[in-house]
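Undergrad: One structure, pasted below without further comment.
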Amino acid sequence: MDKVTISKLYDKINEYSNKEVLVKGWIKTIRNSKTFGFIEVNDGSCFKNLQVIFEDNKISNYKEIAKLNVGSAIKIVGKIIITADAKQAFEINATQIEIEGECTSDYPLQKKRHTLEFLRTIPHLRSRTNTLSSAFRIRSKASYYIHEFFNKNDFVYIHTPIITSSDCEGAGEMFKITTIDYDKILSKNIEKVDYTKDFFGKEAGLTVSGQLEGETMALSFGKIYTFGPTFRAEKSNTTRHASEFWMIEPEIAFSDLKDNMKLAESMMKYVIKNILQTCPDEIEFFNKFYDNELLQKLNGIIENKFEYITYTEAINILIKSNMNFEFPVKWGNDLQTEHEKYLTEIVFKKPIFIIDYPKEIKSFYMRINDDNKTVAAMDLLVPGVGEIIGGSQREERYDILKNKMNDKGLDINEYEWYLDLRKYGGVNHAGFGLGFERLIMYLTGISNIRDVIPYPRTVGTIV
Ligand code: 4AD
Ligand code: MG
């Protein structure tokens, strides 16, 4: 008999009703009397458990099964019975239960609520809890819908390099990749490392963004996106920063900042709409236990148009607020989390694009506006998370770009290829980066990035 997943049973209950099936999973709860008992089994295919009824006079190993601990893996053969008035819509009446793997009694996930902090210490087991399994299933689905969205809209999916020699954000946050034996160098008292002798013949690192290579591809294919791992050696120990995270980066040729915002808005709405449709149990769970306004918030996104304000307008709102912010609000300063939170959570109460930031606080590739003070940048801020998307129209004018790169201290020789794009059929183009983990935080109401990544890496911690 072929195994059926619990998810399939719920999907096609009419087909399975009164049929004999084989299910395999892990015991979530077990209780029994002398002659019969109940097991809640979960196989990870969906949020819901399957209730198993087992009876002494129906299975041969009743006593052995009744003794099993929570966490044990079992195989059940039995008939699916519709239970119209019970809590669950159907159950399985076991005729055979086999033990696949027993679980010892020191299993850390006993039936009680554990703190997320404790669960972080057992990343190899925490994916069996309701919270983490729901977050990771949503992660899987969201990734699928992102690919679907771009595919439906004729974007070409590009794999940009993970090992690179260019620091896209110019923030000096690249992890180094090297085969140089530092211990050896230190023991020889060598003061300066000769990178021409290193593996690639020059300094290399893990990518902080696939954008620059993405731009080259957009100027070949018109519309591209990347979706891959990104690394940042940022020393920010916050609930929103990870050293390894995933980023979605579309890049569109013949486009400006407005097109870029439109794209970001329709992508966000597409993913949210589909997650609401396909993960209702998970969303309901998060709505109940993590954020009582989650459902309302997500539905609100689909129904309302995103708005945008300029950075200058945002600064004026913050100044007029008379709030006692920790970081001073001044034209020219970057917006801090507390400012972003105030804008999205208190003033607008919904996602909002902030555009046209001062050129000094943004990356070299952003297009300078006519005022010569600001750049065509856009950040999408959302309640609860803050910045979820960062993007811009790119500087397409050769001389302006080159001057700016010089001003920002970039080694022009390393970026000839990037400047070439402005020489050989350059066009207006724009793009953005969506932090995938921040999207999952937004979709679930989970407030710490460590709880939306199976194996989080953050400054000072690698489990
Ligand atoms: O704003 P960022 O730094 O923009 C870029 O990297 C551009 N090159 C993107 C582009 O235009 N193609 O990063 C984009 C997004 C942020 O808005 C945030 O959601 C996420 O990536 N992000 C992080 N997420 C988790 N941990 C970190 N340390 C992150 N740094 C950025
Ligand atoms: Mg940013």
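Please treat every number below as a calculation from the coordinates, not as lab data. None of these values were measured; they are calculated from a predicted model. No Cβ is skipped: glycine too gets one built from the backbone with ideal geometry, and neighbour counts run over all protein chains shown.
Undergrad: With θ set to phi - 60° and the Karplus curve 6.51 cos²θ - 1.76 cosθ + 1.60, what are the ³J(HN,Hα) couplings of segment 37-49 in order, to the nearest whole Hz, using x for Gly and Pro?
TA: Per-residue couplings from phi come out as x, 10, 10, 9, 10, 10, 10, x, 6, 7, 5, 6, 8 Hz.
Undergrad: Could you run the Karplus curve 6.51 cos²θ - 1.76 cosθ + 1.60 with θ = phi - 60° over segment 447-453 and give me ³J(HN,Hα) per residue in whole Hz, x for Gly and Pro?
TA: 9, 10, 4, 5, 9, 10, 10
Undergrad: Can you tell which of Ile368, Leu132, Ile13 lies farthest toward the positive end of the dipole of the chain, using +1 and -1 charges on the Cβ of basic and acidic side chains (Lys, Arg; Asp, Glu)?
TA: Farthest along the dipole direction, towards plus: Ile13.
Undergrad: For segment 280-372, what is the largest minus smallest coordinate of the Cα atoms on each principal axis, given in angstrom and ordered from greatest to least?
TA: Its Cα atoms span 50, 31, 21 Å along the three principal axes.
Undergrad: Restricting to Cα pairs below 8 Å that are 6+ residues apart, what does the relative contact order work out to for segment 98-229? Please round to a whole percent.
TA: 28 percent
Undergrad: Which value at 222 nm does the chain reach when only helices count, each DSSP H run of 4 or more adding -39,500 (n - 2.57), with the total divided by all residues and rounded to the nearest 500 deg cm²/dmol?
TA: -8500 deg cm²/dmol, from helical runs alone.
Undergrad: List the pairs from Lys262/Lys373; Lys176/Lys297; Lys202/Lys373; Lys330/Lys404 whose alpha-carbon separation is above 29 Å, in the order I gave them.
TA: Lys176/Lys297; Lys202/Lys373
Undergrad: In whole Å, what is the distance between the alpha-carbon centres of segment 320-357 and segment 82-137?
TA: Measuring centre to centre over Cα atoms gives 42 Å.
Undergrad: Given +1 on the Cβ of Lys and Arg, -1 on the Cβ of Asp and Glu, and no further charges, what dipole in debye does segment 10-143 carry about its Cα centre, rounded to the nearest 20?
TA: Using only the charged Cβ atoms, the result is roughly 500 debye.
Undergrad: When the Debye formula is applied to the Cα atoms of segment 1-158, each taken as the same point scatterer, what base-10 log of I(q)/I(0) results at q = 0.09, 0.11, 0.16 Å⁻¹?
TA: Scattering profile of segment 1-158, log10 relative to I(0): -0.36, -0.52, -0.95.
Undergrad: Just to confirm the number: angle between the C-alpha axis of helix 294-303 and the first principal axis of the chain, 0 to 90 degrees, nearest 10?
TA: The angle comes out near 50 degrees.
Undergrad: Now for a different question. Express the relative contact order of the chain as a whole percentage, based on alpha carbon pairs under 8 Å and six or more residues apart in sequence.
TA: Across the chain, relative contact order equals 13 percent.
Undergrad: Also, I was wondering about something else. Check Arg397: other-chain or 5+ apart residues with amide H under 5 Å from its amide H, H built from backbone geometry?
TA: Excluding prolines and chain starts, which carry no amide H, there are no hits.
Undergrad: Sticking with this one: Given Leu119, Tyr357, Leu401, which one lies farthest toward the positive end of the charge dipole of the chain, if we put +1 on the Cβ of every Lys and Arg and -1 on the Cβ of every Asp and Glu?
TA: Looking along the dipole axis, the top candidate is Leu119.
Undergrad: Please list, in chain and number order, the residues 5+ apart from Asn69 or on another chain whose amide H is under 5 Å from its amide H, with Hs placed from the backbone.
TA: Residues meeting the criterion, in which the H sits 1.01 Å from N, are Cys103.
Undergrad: Roughly how big is the chain's charge dipole about its Cα centre, with Cβ charges of +1 (Lys, Arg) and -1 (Asp, Glu), in debye to the nearest 20?
TA: 1360 debye
Undergrad: So, one more: Have a look at the chain and give its Rg and Dmax from the Cα atoms, expressed in angstrom.
TA: Considering the chain through its Cα atoms, Rg and Dmax are 26.7, 85 Å.
Undergrad: From the cross-link list Lys28/Lys273; Lys269/Lys320; Lys305/Lys423; Lys87/Lys112, which pairs have alpha carbons spaced over 27 Å apart?
TA: Lys28/Lys273; Lys269/Lys320; Lys305/Lys423
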